[in-house]
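Trainee: Quick one: this structure, given as structure tokens, is what I'll be asking you about.
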Amino acid sequence: MSEQEGGVRDQVLAAAPGWIVLARHGKPKGDRAVRIDWRDYEHWWSEYDRAGLLDGQAPPERLLAIAAEADVIFASVLPRAVETAQAVAQGKPIVQDPVFVEAPMPPPKLWGKRRPGHWGVWARITWLLGMRHGAESRAQAELRAEAAAATLASRALRGENVLLCGHGWFNRMMRPVLLSQGWRCVEDHGDDYWTYRRYARRRLPRGTGNRD
């Protein structure tokens with residue numbers, strides 16, 4: 001390694017890590033009162049993935065403040081996440097990446113009609129148990145969560161503040177990955193629409209071997 005390369009490396013390693021914020025999107029469009037069977041729920045979820053946000057929503061001030069401090073803003077490629085990022089970015093560029101899309105919700109083939117929210121609970125439980133019906137598996141989604149967390153952490157470890165406008169469950173899947181890598185949750189606003197969790201990491205002392 002040249003002296004110049006070593007100097008650049010030392011500057012990067014000495015930089016204080018930025019923070020990572022995992023935000024959930026705003027409330028999307030979609031009829032949640034309809035009663036449907038499992039086949040119709042597949043169609044409902046497909047339409048939900050194509051839908052943007054309900055009109056008349058305003059981002060909370062604290063999320064706007066986070067976005068104002070962010071050096072880079074990421075979003076899933078799904079419209080509800082992109083529109084959330086656009087609502088808070090205040091003109092900043094947005095990096096869209098499919099690695100951040102929500103984990104799939106394939107419904108179990110149960111008899112009867114239920115509201116979408118009820119189907120969602122059953123779909124998530126059975127997916128976690130391994131019933132995926134051709135969709136991305138839990139193991140595959142966990143690998144994707146590792147890649148997604150690495151994308152965010154690589155920027156934060158360079159000293160950048162990072163905001164992701166993503167999805168409730170997939171954001172949760174990144175949480176244990178970040179915690180295992182030395183990040184800690186320093187701000188927790190729950191799992192509702194427009195909420196977020198902030199993660200920070202102490203700077204490792206110079207000379208520490210493991211810098212991730």
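The values are calculated or read from the model by the stated rules, or taken from the named source; none is laboratory data. Keep in mind it's a predicted model, so treat the numbers as computed, not measured. Cβ coordinates were reconstructed from backbone atoms using ideal geometry, including for glycine residues, and neighbour counts include every protein chain displayed.
Trainee: Which members of region 189-206 meet the condition of being over 19 Å from Pro17 (Cα atoms), buried (at least 17 other Cβ atoms within 10 Å of the Cβ) and either modelled with pLDDT under 95 or touching a Ser or Thr at 6+ places or on another chain (Cβ under 9 Å) (or both)?
Mentor: Passing the criteria: Tyr193, Trp194.
Trainee: I need the helices (runs of 4 or more DSSP H) fully contained in region 1-116, keeping only those with at least 3 residues that are modelled with pLDDT of 95 or more and either among the aliphatic types (A, V, I, L, M) or surrounded by fewer than 21 Cβ atoms within 10 Å (Cβ to Cβ) (or both). Please lay out each step first, then the result.
Mentor: Working: elements: 3-14, 38-50, 61-69, 79-89.
Per the criteria, 38-50, 61-69, 79-89.
Trainee: One residue is enough: does region 121-131 have a residue meeting the conditions buried (at least 18 other Cβ atoms within 10 Å of the Cβ), polar (S, T, N, Q) and over 16 Å from the mean Cα position of the chain (by Cα)?
Mentor: yes
Trainee: Among strands (runs of 3 or more DSSP E) lying entirely in region 130-206, which contain 2 or more residues that are free of Cβ contacts under 8 Å to residues at least 60 places away in the same chain and out of contact with any Pro (no Cβ under 7 Å at 6 or more places or on another chain)? Step through it out loud before you land on a result.
Mentor: Values: elements: 162-166, 184-188, 196-200.
In region 130-206, 184-188 are the strands (runs of 3 or more DSSP E) which contain 2 or more residues that are free of Cβ contacts under 8 Å to residues at least 60 places away in the same chain and out of contact with any Pro (no Cβ under 7 Å at 6 or more places or on another chain).
Trainee: Let me ask something else. Based on this model, can you work out whether Arg80 counts as within 21 Å of Ile66 (Cβ to Cβ) and either more than 17 Å from the chain's Cα centre (by Cα) or not small (Gly, Ala, Ser) (or both)?
Mentor: Answer is yes for this residue.
Trainee: A further question follows. Kindly indicate which of Arg144, Arg155, Arg132, Arg172 is within 21 Å of Trp44 (Cβ to Cβ) and basic (Lys, Arg).
Mentor: Details: Arg144 fails: within 21 Å of Trp44 (Cβ to Cβ); Arg155 fails: within 21 Å of Trp44 (Cβ to Cβ); Arg172 fails: within 21 Å of Trp44 (Cβ to Cβ).
Arg132 is the lone residue from the list that is within 21 Å of Trp44 (Cβ to Cβ) and basic (Lys, Arg).
Trainee: Could we say that Arg115 is within 14 Å of Trp169 (Cβ to Cβ) and not aromatic (Phe, Trp, Tyr) here? It would help to see each step written out before you state the result.
Mentor: Numbers: within 14 Å of Trp169 (Cβ to Cβ): no; not aromatic (Phe, Trp, Tyr): yes.
Taking the combined requirement at face value, the residue does not satisfy it.
Trainee: Being farther than 22 Å from Leu164 by Cα, touching a residue at least 24 places away in the same chain (Cβ under 8 Å) and not polar (S, T, N, Q) is true for just one of Asp49, Asp37. Which residue is that? Walk me through it before giving the result.
Mentor: Working: Asp49 fails: farther than 22 Å from Leu164 by Cα.
Only one candidate qualifies: Asp37.
Trainee: Of the residues that make up region 160-171, is at least one crowded, with 17+ Cβ neighbours inside 10 Å, over 20 Å from Ile73 (Cβ atoms) and not acidic (Asp, Glu)?
Mentor: yes
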